[in-house]
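Everything below concerns the one structure shown next.
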Amino acid sequence: MASTDPKPFVINGAGIAGLTAALALARQNHRVVVFEKAEGFEMLGAGLQLSPNAMHVLNELGLNRWILQVASTPKTIEISNGITGNRLASLPLGQSIENNFGAPYCVIHRADLQNILFNACKANPIIDVHFSSEVIEMAPHNHGV
């Protein structure tokens, strides 16, 4: 897919938001360059909750297959008293959430999601991701930034 953009969109940061934005822009046939100041990804972070709304976005980007290979789809969320352990509330998830909202509720490790997004960006010929590259200054002008 060849882009018609004379100048690329520039994204500062290859985190989840930056990589998702790059994929969304490329899906609209815009060339994208992502700059990340780190040398690479670290296995930092914890689990993330992906609501059905988030899963709809990831599905539009063509990523559900990879997400569902590594994510979990819990059947319920249980809220308990931290001292007594008594259950305070329970929220059904699983198939009922998917039936009601058209997508599952998932939990995934942050690094797994970031790797899926990064691999999708690497596979896209109009997205370039550069590590050890920090954007230090941007200035607006009549034709962009």
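The values are calculated or read from the model by the stated rules, or taken from the named source; none is laboratory data. Keep in mind that what you see is a predicted model, and the values were worked out from it rather than measured. Heads up, the Cβs are rebuilt from the backbone with ideal geometry, glycines too, and the neighbour counts pull from every protein chain shown. Side chains included, ligands, DNA and RNA excluded: accessible areas come from the protein's heavy atoms. Shrake-Rupley method; radii C 1.70, N 1.55, O 1.52, S 1.80 Å.
Across the range 58-75, the qualifying residues are those that are in a helix (DSSP H, G or I) and of a type in the set (D, E, K, R), and the one among them that is least open to solvent (accessible area, probe 1.4 Å) is GLU60.
If the condition is being surrounded by fewer than 16 Cβ atoms within 10 Å (Cβ to Cβ) and either modelled with pLDDT under 95 or outside any loop (DSSP other than H, G, I, E, B) (or both), then the range 116-130 contributes ASN119, LYS122, ALA123, ASP128, HIS130.
Annotation for the range 93-101: no member residue is in contact with a strand residue (DSSP E or B) (Cβ under 8 Å, 6 or more places away or on another chain) and open to solvent by 30 Å² or more (accessible area, probe 1.4 Å). Selection of the range 102-115 for residues being open to solvent by less than 60 Å² (accessible area, probe 1.4 Å), outside any loop (DSSP other than H, G, I, E, B) and not polar (S, T, N, Q) yields CYS106, VAL107, ILE108, ALA111, ASP112, LEU113.
Among residues of the range 64-76 that are within 17 Å of LEU93 (Cα to Cα), those with a Cβ under 6 angstrom from a residue that is polar (S, T, N, Q), sequence gap 6+ or separate chain, pair up as THR76/SER90.
For residues in the range 76-91 being over 15 Å from GLN49 (Cβ atoms) and not in a loop (DSSP other than H, G, I, E, B), which is most open to solvent (accessible area, probe 1.4 Å)? Residue satisfying both the conditions and the ranking: ARG87.
Against the definition (touching a residue at least 12 places away in the same chain (Cβ under 8 Å), surrounded by 12 or more Cβ atoms within 10 Å (Cβ to Cβ) and more than 19 Å from the chain's Cα centre (by Cα)), how does LEU48 come out, yes or no? Before you say what the answer is, go through the steps one by one.
On the way: touching a residue at least 12 places away in the same chain (Cβ under 8 Å): yes; surrounded by 12 or more Cβ atoms within 10 Å (Cβ to Cβ): yes; more than 19 Å from the chain's Cα centre (by Cα): no.
Criteria not met by LEU48.
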